[in-house]
Each structure stands twice: as structure tokens, then as C-alpha cells.
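S.K.: Pasting a structure below so you can have a look.
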Amino acid sequence: MKLPTSQLKQLQSIQNVAACLINGMWRMEHIMPVLQSLHWLPVRQQILFKLAVLVRKCLSGCAPVYLADDCRLIHHRRSSLRSLSSTTKLKVPPTRMPLSDRSLAVNERHVWNSLTMSIHNPSLSLTVFTNILKAHLFG
């Protein structure tokens, strides 16, 4: 995710103020326990969450065709000394310009490829997937 840090800080500040208003607390207190009690991910993790859920919907056929056509899996075998395990990654298109690194087509694939294999499990329902993903991003 290539969003400028200054923009993320502004969005996070707005989310923190909203959480303080909802809980009736002073701004000087630590905000993470408040966000967790509201089941709100911090802004950066919320963006990662939304992108990962979008990719999951694309791969399971629940997303519009114009988005699902963008997600192509690459199946390859990764060898290690212990075992051969099959990994499923998304092909990331090459980019020529720095601004194109911010596109949805590039970021969604980077987010999906950064998740662990247990989260990639296609047999999980969407509800279970989102719960596991949210727990992973909170941790």
C-alpha cells in the first residue's frame, strides 16, 4: 500500500477523535484499547482488510466480473528441506511509473500475497475468513 504517510496520519487522527467521542474519553489516553473495544481496525489495517476481502470475493466468484478478471492465481511449488508445499499467489503486474504502484490492481495483489497460507485457505467461508483476517491484523 503506497498511500502517503501524511494522508494516513490525517485519517487515523479523525478515526481516533471519533472513537474518543463515542467512548466519552479524553484524547490523551491510549487509543488502541478503545479501537479494539469498538472492533475498529486502525486506518492502515482497515485498508489492508478491505483489499484482502475484495480479493477473496474475486477468487470465490462473489465479486463483479470486471474485478474478478484482474485476479489471476499463480500455482507454484516451493521447495524446502522439510516438505514441498503448494503456494497460491496472485500475479503482480509490472509497473513503470511510481504513481501506478498505488493502483488497486497492484495493491490488492501485494496485500493478498503478504497474507499467511492459513488465511488463504479456500475452504473457509467468507465470515470465517474475515474473522481470521481481522484477528491477524489486530495482532
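S.K.: Quick one: Gln10 ticks every box in (1) farther than 28 Å from His120 by Cβ; (2) outside any helix (DSSP H, G or I) bar one, so which box is it?
M.R.: The number of the failed condition is (2).
S.K.: Something else about it: Could you run through segment 36-47 and say how many residues are surrounded by 14 or more Cβ atoms within 10 Å (Cβ to Cβ) and over 17 Å from Thr130 (Cβ atoms)?
M.R.: 2
S.K.: Within segment 102-110, can one find any residue that is farther than 18 Å from Lys134 by Cα, part of a helix (DSSP H, G or I) and at pLDDT 85 or above?
M.R.: No, segment 102-110 contains no residue that is farther than 18 Å from Lys134 by Cα, part of a helix (DSSP H, G or I) and at pLDDT 85 or above.
S.K.: Then there is this: How many of the residues making up segment 23-52 are modelled with pLDDT under 85 and of a type in the set (Val, Ile, Thr)?
M.R.: Result for segment 23-52: 0.
S.K.: Hey, another quick one. Within segment 33-51, which residues are assigned to a helix (DSSP H, G or I) and either within 16 Å of Leu3 (Cβ to Cβ) or touching a Gly at 6+ places or on another chain (Cβ under 6 Å) (or both)?
M.R.: Scanning segment 33-51 gives Val43, Arg44, Gln45, Gln46, Ile47, Leu48, Phe49, Lys50, Leu51.
S.K.: For segment 1-13, give me each residue that is at pLDDT 90 or above and surrounded by 14 or more Cβ atoms within 10 Å (Cβ to Cβ).
M.R.: Scanning segment 1-13 gives Leu8, Leu11, Gln12.
Let's see how each residue does on (1) at pLDDT 85 or above; (2) not in a helix (DSSP H, G or I):
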site: Leu54; (1), (2): yes, no
site: Lys57; (1), (2): yes, no
site: Tyr66; (1), (2): no, no
site: Cys71; (1), (2): no, yes
site: His76; (1), (2): no, yes
site: Ser118; (1), (2): no, no
site: Pro122; (1), (2): no, yes
site: Thr130; (1), (2): yes, no
site: Leu137; (1), (2): yes, no
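S.K.: Condition first: surrounded by 12 or more Cβ atoms within 10 Å (Cβ to Cβ) and assigned to a helix (DSSP H, G or I). Now tell me which residues in segment 14-31 satisfy that.
M.R.: Result: Gln15, Asn16, Val17, Ala18, Ala19, Cys20, Ile22, Asn23.
The values are calculated or read from the model by the stated rules, or taken from the named source; none is laboratory data. This structure is a prediction, so every number in the text was calculated from the model and none was measured. Virtual Cβ from ideal backbone geometry, glycine too; neighbours counted across all protein chains shown.
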